[in-house]
Amino acid sequence: MRFHERIVENIFLICAGIVVLGVAIISIFIFREGWTVISKTGIADFVFGKKWAPTQGIYGIFPMILGSIYVTLGALMIGVPIGVGCAIYLAEIASPRLSAIIKPGIELLAGIPSVIYGLYGMTVIVPIIRDLFNNQGFSILAGSIVLGIMILPTITNISMDSIEAVPKEYKEGSLALGSSHWQAIIKVILPAAKSGIISSIILGMGRAIGETMAVIMITGNSTLIPESILSPARTLTGNIGIEMGYASGEHQRALFATGIVLFIFIMILNLMTKLIPNKAGENIE
């Protein structure tokens, strides 16, 4: 029996090693291909440069960084209140029968291809924005709305699991002390589930900042610094997705360098999921 357990442990160790090796290979490849452009242009000029003109040998990705940040923040402003509110409703208010109907529908959103979201944005959201604000419609606002919908499953499901994981004694004790159901949710349950809710928001942020196809289809893909939420913008992922098909030489390496910046963004978000939950929700005040 012990021999069989050791074999299983070694298999799991090999699987873990393959995952780590895969990440290491990808990281080395991206940094090797892109670092030459960053070192040539300069980190400050590359990251904070305001002009992207590959034909002239000018590589400044600051407009794309702002585009990614604006679209992601807009998506969070839309997705977080709806997602967390939906999680509270399904976990604490809705009947089991209704919850069993709504939850699969939310999970279905996660399985819809991003290109379908992009098509929906092009045919529904963009025309609405165009008619309301008398502009071209392709904008940060359109991208934020679509990404806000796309991150709903992540935020809702993880937040709901966190809320349901709170010991029932917390809620029962609060109700026994005279709190209403709503007061128990706000004062006791949500603070206890705060770490999981924060994790869901960070993971949703990573989902939004890493999206490519839907963003390319509805944000307008302008390489200029956006002036408002109604301005077109290009994200880091969109920049790579649009130009990698025809780029070559230094231009291609500049796109790999863009991938390095995006890679660092994702690493920071993943690190936040490890650090923040350890400090959040430890005590209920």
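The values are calculated or read from the model by the stated rules, or taken from the named source; none is laboratory data. Keep in mind it's a predicted model, so treat the numbers as computed, not measured. Quick reminder, even Gly has a Cβ in these numbers, built from the backbone with ideal geometry, and neighbours come from all protein chains shown.
Pairs under 6 Å by beta carbon, first residue touching a residue at least 40 places away in the same chain (Cβ under 8 Å) and within 17 Å of LEU236 (Cβ to Cβ) in the stretch 36-60, partner among the hydroxyl-bearing types (Ser, Thr, Tyr) and in a helix (DSSP H, G or I), six or more apart or different chains?
The qualifying pairs are TYR59/THR41.
Table: residues versus (1) farther than 21 Å from SER139 by Cα; (2) modelled with pLDDT under 85; (3) out of contact with any strand residue (DSSP E or B) (no Cβ under 6 Å at 6 or more places or on another chain).
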site	(1), (2), (3)
GLU243	no, no, yes
LEU255	yes, no, yes
GLY259	yes, no, yes
ILE266	yes, no, yes
GLU285	yes, yes, yes
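Among the residues of the stretch 189-219, how many are assigned to a helix (DSSP H, G or I), under 27 Å from GLY173 (Cβ atoms) and in contact with a helix residue (DSSP H, G or I) (Cβ under 9 Å, 6 or more places away or on another chain)?
The qualifying residues number 10.
Among the residues that make up the stretch 122-139, is at least one of them under 18 Å from the mean Cα position of the chain (by Cα) and either of a type outside the set (A, V, I, L, M, F, W, C) or in a helix (DSSP H, G or I) (or both)?
No, there is no match, as no residue in the stretch 122-139 is under 18 Å from the mean Cα position of the chain (by Cα) and either of a type outside the set (A, V, I, L, M, F, W, C) or in a helix (DSSP H, G or I) (or both).
Looking only at the stretch 224-240, which residues are out of contact with any Leu (no Cβ under 7 Å at 6 or more places or on another chain), surrounded by fewer than 21 Cβ atoms within 10 Å (Cβ to Cβ) and closer than 22 Å to ILE43 by Cα?
LEU224
Condition first: loosely packed, with under 15 Cβ neighbours inside 10 Å and more than 17 Å from the chain's Cα centre (by Cα). Now tell me which residues in the stretch 103-117 satisfy that.
Matches in the stretch 103-117: PRO104, GLY105, LEU108, ILE116.
Would you mind stating whether THR154 is part of a helix (DSSP H, G or I), surrounded by 22 or more Cβ atoms within 10 Å (Cβ to Cβ) and of a type in the set (Ser, Thr, Tyr)?
Yes; evaluated as a whole, the condition is true for this residue.
Could you tell me whether the stretch 176-188 includes any residue that is modelled with pLDDT under 90, of a type in the set (A, V, I, L, M, F, W, C), at negative phi and in a loop (DSSP other than H, G, I, E, B)?
Checked the stretch 176-188: at least one residue is modelled with pLDDT under 90, of a type in the set (A, V, I, L, M, F, W, C), at negative phi and in a loop (DSSP other than H, G, I, E, B).
Residues to consider are GLY210, GLY173; find the one that is surrounded by fewer than 23 Cβ atoms within 10 Å (Cβ to Cβ), under 16 Å from the mean Cα position of the chain (by Cα) and free of Cβ contacts under 8 Å to residues at least 60 places away in the same chain.
Residue meeting the stated conditions: GLY210.
Inspect all residues belonging to the stretch 118-138 and state whether any of them is touching a strand residue (DSSP E or B) at 6+ places or on another chain (Cβ under 6 Å) and either surrounded by fewer than 15 Cβ atoms within 10 Å (Cβ to Cβ) or under 27 Å from LEU230 (Cα atoms) (or both).
yes
Can you find a residue that is surrounded by 17 or more Cβ atoms within 10 Å (Cβ to Cβ) and either touching a Gly at 6+ places or on another chain (Cβ under 9 Å) or of a type in the set (Phe, Trp, Tyr) (or both) anywhere in the stretch 90-101?
For the stretch 90-101, residues surrounded by 17 or more Cβ atoms within 10 Å (Cβ to Cβ) and either touching a Gly at 6+ places or on another chain (Cβ under 9 Å) or of a type in the set (Phe, Trp, Tyr) (or both): absent.
Can you tell which of GLY85, GLY67 is within 24 Å of the chain's Cα centre (by Cα), at pLDDT 90 or above, over 18 Å from LEU152 (Cβ atoms) and not hydroxyl-bearing (Ser, Thr, Tyr)?
Residue meeting the stated conditions: GLY67.
From the residues in the stretch 158-170 that are assigned to a helix (DSSP H, G or I) and surrounded by fewer than 21 Cβ atoms within 10 Å (Cβ to Cβ), which one is farthest from the chain's Cα centre (by Cα)?
Only one residue tops the list, namely GLU169.
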